[in-house]
Every structure is written in structure tokens, then in C-alpha cells.
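Report on the structure given below.
The values are calculated or read from the model by the stated rules, or taken from the named source; none is laboratory data. Fair warning: this is a prediction, and the values are worked out from it, not measured in the lab. Virtual Cβ from ideal backbone geometry, glycine too; neighbours counted across all protein chains shown. Just the protein is used for accessible areas: all its heavy atoms, side chains included, with ligands, DNA and RNA removed. Shrake-Rupley method; radii C 1.70, N 1.55, O 1.52, S 1.80 Å.
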Amino acid sequence: MVKCKNIIEFMEELAPSELAEEWDNVGLMVGEFDMPVKKAVTALDINDDVIDEAINIKADMIITHHPFIFGSVKNINSSDIVGKRAIKLIKNNIAVYSAHTNLDIAERGTNGVLAEILELQNIKPLMKSSDGVNGLGRTGELKQEMSFIEFAMSLKQKIGLKNLIVTGNREKIIKKIGLCTGQTAGSDYMVSAKENGCDAYITGDLRYHEAQFANNIDLCTVDITHYGGEVLVIPFLCDYLNKRAKENNLDFICVESKVNGQTLNII
């Protein structure tokens with residue numbers, strides 16, 4: 001019998017919890033380690049649609065990137081959205097496990113997957129951790145240099161986005177790329193990309209003044225949105241867990257969420 005702790009062991013192999021930032025909340029959010037798990041679903045976020053989806057497909061576990069329990073929790077009751085969802089999950093015997101900044105930092109996490117999709121070479125961390133090995137974001141080189149607008153259009157096609165927000169000289173020749181998924185458009189990330197010799201920087205949640213800062217240091221930027229950059233890891237997680245289960249002859253299947261917790265849409 002496959003148990004929740006077996007799936008957690010696979011996740012810990014991929015993204016050890018000790019890699020997480022100190023302020024973060026990762027691990028088993030809801031459930032018991034010894035709960036039997038025959039089916040799991042991977043999603044970016046927990047919301048009511050994802051929970052209902054898990055109930056409808058009879059999933060025993062949801063694996064997310066973003067934790068839905070953050071900060072101190074003083075009570076669990078139905079008057080609070082977090083409490084309401086936690087109660088619903090418990091009533092339906094559904095466990096929730098989240099890998100957040102540890103998955104961002106892990107070699108084949110959110111940033112690693114994006115770097116692989118772009119087929120970057122000589123990949124290294126953008127912001128190194130204290131151990132000097134791991135770190136947030138990635139830098140890498142394109143197989144072939146191209147203009148910034150050509151790169152942006154190629155990126156748009158590879159990650160399946162309808163729209164991109166870009167800043168910088170469209171004719172600038174691009175060779176080295178910096179990237180960091182999520183809310184990582186701060187000047188410290190951009191300065192690091194520039195110091196690492198990057199011609200362009202890919203991020204999410206780019207704001208007006210940050211875009212101005214990028215222009216001032218001659219760094220082309222592409223905002224692929226917080227969701228667009230991180231949702232790419234969800235099918236990878238699903239494939240990874242199915243592969244690990246098959247290797248261990250476990251009666252377990254993982255499916256990718258069809259709703260994925262998305263709340264923002266571009267029309």
C-alpha cells in the first residue's frame with residue numbers, strides 16, 4: 001500500500017525541504033503521513049476549484065507549489081477561507097503537500113524547468129545560496145544569439161503564452177539569459193543578472209518602476225507573469241511522481257490539475 005509519506009519521500013528527493021527559505025512554509029499542510037494514497041493531483045495553488053476537482057476524481061492527495069497555509073494559524077473554522085478549505089480537505093480525506101521555495105531552488109524545480117524549456121546551456125544559479133551551490137533563478141546561454149524581439153517571440157511560443165510584457169531595445173542582440181520565476185522583479189535580481197553578464201532577464205510581476213530600473217541599466221526584461229512562469233513545473237511534477245512510482249512498482253497514479261488554481265486571465 002502506498003502511503004502519503006512515500007510520495008513525500010519522492011518530493012523530498014526532488015526538492016529537499018531544507019532548501020526552503022526561512023520565512024517559507026513547506027511540507028505536509030493537511031493530512032497524515034500514514035494515509036493511503038492511490039491517486040494524487042498536482043496543482044500550482046489550492047483553491048475551491050482544485051479541491052472540488054480532487055474530490056470529483058477521487059484523489060487522495062494534492063501536491064502544490066504555493067502553500068495555502070501561510071504564517072501563524074490561530075484557529076481552524078468555516079468563517080475563514082483557509083479554515084473552510086482545510087475542513088473540506090479533512091472531511092474528504094485529502095492530504096496536501098507543498099514545495100515552495102525549495103522547489104524554486106532545487107536543480108530541477110521551477111527555474112530549472114524553465115531553463116530546460118529554453119534549452120539554455122552552461123546553466124548556473126542566478127542568486128547563490130549560502131552553500132555556494134544552490135540558489136534562486138538561473139543564468140544560461142542560448143544555443144544561438146538573436147535579437148531581443150526574436151527571443152521574446154520564441155519564448156512566447158515555447159511556454160504557450162498569448163501575451164508578454166517586454167522592456168528594452170527590441171533589436172539588441174541576446175545571448176545570455178537570466179531568469180527567476182515568480183515575484184522576482186526586484187532591482188537586486190536585475191543587478192545580479194547584469195553582473196552575471198545577462199543580456200535579458202525573465203521574471204513575473206514586473207511593475208512600472210522596476211521596468212524603468214531595467215531600462216536604466218540596459219537590461220532587456222520579459223514578464224511572463226507569476227502564473228505563466230511557475231505553472232510550467234506542474235506537468236513536470238506529475239511526470240516525475242509517476243516515474244518514481246513505476247520505478248518502485250507502486251500502485252499509484254498522479255494526474256495534472258485541469259484548473260490549476262488559476263484566478264487571473266488575459267483576454
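Computed quantities for the displayed model
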| read-out | value |
| --- | --- |
| Which numbered condition GLY71 fails, given (1) in contact with a Leu (Cβ under 7 Å, 6 or more places away or on another chain); (2) under 24 Å from LEU19 (Cβ atoms) | (1) |
| Pairs where the first residue, in region 213-240, is within 14 Å of SER187 (Cα to Cα) and of a type in the set (S, T, N, Q) and the second is open to solvent by less than 10 Å² (accessible area, probe 1.4 Å) and modelled with pLDDT under 95, C-beta under 9 Å, 6+ apart | THR221/ALA185 |
| Residues of region 215-248 satisfying the condition of being more than 23 Å from the chain's Cα centre (by Cα) and polar (S, T, N, Q) | ASN215, ASN216, ASN248 |
| Answer residue from region 82-129, given it is outside any helix (DSSP H, G or I) and of a type in the set (Gly, Ala, Ser) and is farthest from LEU155 (Cα to Cα) among those | ALA95 |
| Region 42-81, residues that are in a loop (DSSP other than H, G, I, E, B) and free of Cβ contacts under 8 Å to residues at least 12 places away in the same chain | SER72, VAL73, LYS74, ASN75, ILE76, ASN77, SER78, SER79, ASP80 |
| In region 200-236, residue most open to solvent (accessible area, probe 1.4 Å) [restricted to those that are within 12 Å of THR181 (Cβ to Cβ) and of a type in the set (S, T, N, Q)] | THR225 |
| Selection from region 172-214 of residues that are modelled with pLDDT of 95 or more, part of a strand (DSSP E or B) and within 19 Å of the chain's Cα centre (by Cα) | ILE177, GLY178, LEU179, CYS180, THR181, TYR201, ILE202, THR203 |
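Table: residues versus (1) closer than 30 Å to ASN102 by Cβ; (2) among the charged types (D, E, K, R); (3) open to solvent by less than 10 Å² (accessible area, probe 1.4 Å).
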position	(1), (2), (3)
GLY137	yes, no, yes
GLN144	no, no, no
PHE148	no, no, yes
LEU161	yes, no, no
ILE165	yes, no, no
ASN169	no, no, no
ILE173	no, no, no
LYS194	yes, yes, no
CYS198	yes, no, yes
